[in-house]
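Here's the structure we're looking at; comments come further down.
The values are calculated or read from the model by the stated rules, or taken from the named source; none is laboratory data. Everything numeric here is computed off the predicted structure, so don't read it as measured data. SASA here: full protein model, heavy atoms, side chains in, ligands and nucleic acids out. Shrake-Rupley method; radii C 1.70, N 1.55, O 1.52, S 1.80 Å.
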Amino acid sequence: MRSLRGSFVCIVMLFLISCGQKTKKSKDNPPTKKYTIEDQKPSKKSSDKVILCFGNSLTAGLGLKSTEAFPALIQNKIDSLGYDYKVVNAGLSGETTASGKNRINWVLKQNVDIFILELGANDGLRGIPLTETRQNLQDIIDTVKSKNPNTSIILAGMQIPPNMGQDYTSQFRNIFPKLAQKNDIALIPFLLEGVAGNPDLNQSDGIHPTAEGYEIVSYNVWKVLKNILEQ
């Protein structure tokens with residue numbers, strides 16, 4: 001019995017120490033916002049309008065604070081202009097179009113007014129058949145439309161290095177504008193325009209943007225998103 005009591009006390013003490021360490025770390029390293037606007041207004045917490053960013057690590061902001069990824073920067077911009085929208089970051093690192101297709105129904109359990117679809121890069125880097133990537137993206141678009149026909153969809157265009165050959169690279173790039181035209185949805189021509197290939201704007205892996213790079217990415221998204229918000 002004494003042995004059991006001693007073990008219980010040790011467990012409790014370890015738990016309290018662990019909590020204390022986490023609290024101290026959070027206090028010493030408060031999150032910072034890279035994208036600031038002087039006339040920023042507070043977000044309206046009661047809003048039921050949602051902009052959902054559905055993608056991979058480029059949406060999640062791999063390697064950075066969540067406040068530095070483009071969904072958070074878009075939220076800052078929206079708040080500064082007084083729009084009544086909440087931006088949800090539904091990015092998942094490593095996501096392919098196939099895994100995104102499997103996850104989409106769960107994500108759409110909430111009401112979504114604007115849906116930003118950013119998937120395909122991992123397919124291209126892995127050399128997944130183009131027909132499969134195209135069909136998975138189409139299935140995701142169809143699912144969003146079936147859940148709510150009034151949801152506005154924005155498709156983020158993507159490009160990849162020519163590692164898989166020129167034909168594959170070219171056809172991969174063309175998937176996105178063709179899908180946008182076919183489904184009559186908005187298109188971001190290339191999500192990483194002005195960032196891709198620039199070592200000063202990418203992390204050491206050469207793939208994921210730095211905080212400065214994400215400021216440009218957020219601008220690429222905003223140029224298309226603002227047209228939908230103004231409508």
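For the reader, a short list of remarks on this structure follows.
- Relative contact order for region 127-213: 24 percent, from Cα pairs under 8 Å spaced at least 6 residues apart, divided by residue count.
- Solvent-free Debye calculation, one equal scatterer per alpha-carbon of region 50-230: log10 I(q)/I(0) at 0.09, 0.13 Å⁻¹ equals -0.28, -0.60.
- Fraction of accessible area attributable to carbon and sulfur, region 50-230 (%, probe 1.4 Å): 49 percent
- Entries of 65/145; 77/109; 65/182; 65/147 with Cα pairs more than 29 Å apart: 65/145; 65/182; 65/147
- Placed amide H near residue 202: partners under 5 Å, 5+ positions off or other chain: 210
- Summarising the amide proton neighbourhood of residue 155: residues at separation of 5 or more, or on other chains, whose placed amide H is nearer than 5 Å comprise 117, 186, 187, 188.
- Between amide H atoms placed 1.01 Å from N, distances below 5 Å from residue 88 occur with 51, 52, 53, all of them 5 or more places distant or on a separate chain.
- Kirkwood-type hydrodynamic radius, region 180-231: 12.0 Å, calculated from all non-identical alpha-carbon pairs.
- For region 150-160, 3J(HN,Hα) per residue [Karplus equation, 6.51 cos²θ - 1.76 cosθ + 1.60, θ = phi - 60°, Hz, x = Gly/Pro]: 8, 5, 7, 10, 10, 9, 8, x, 9, 10, 10
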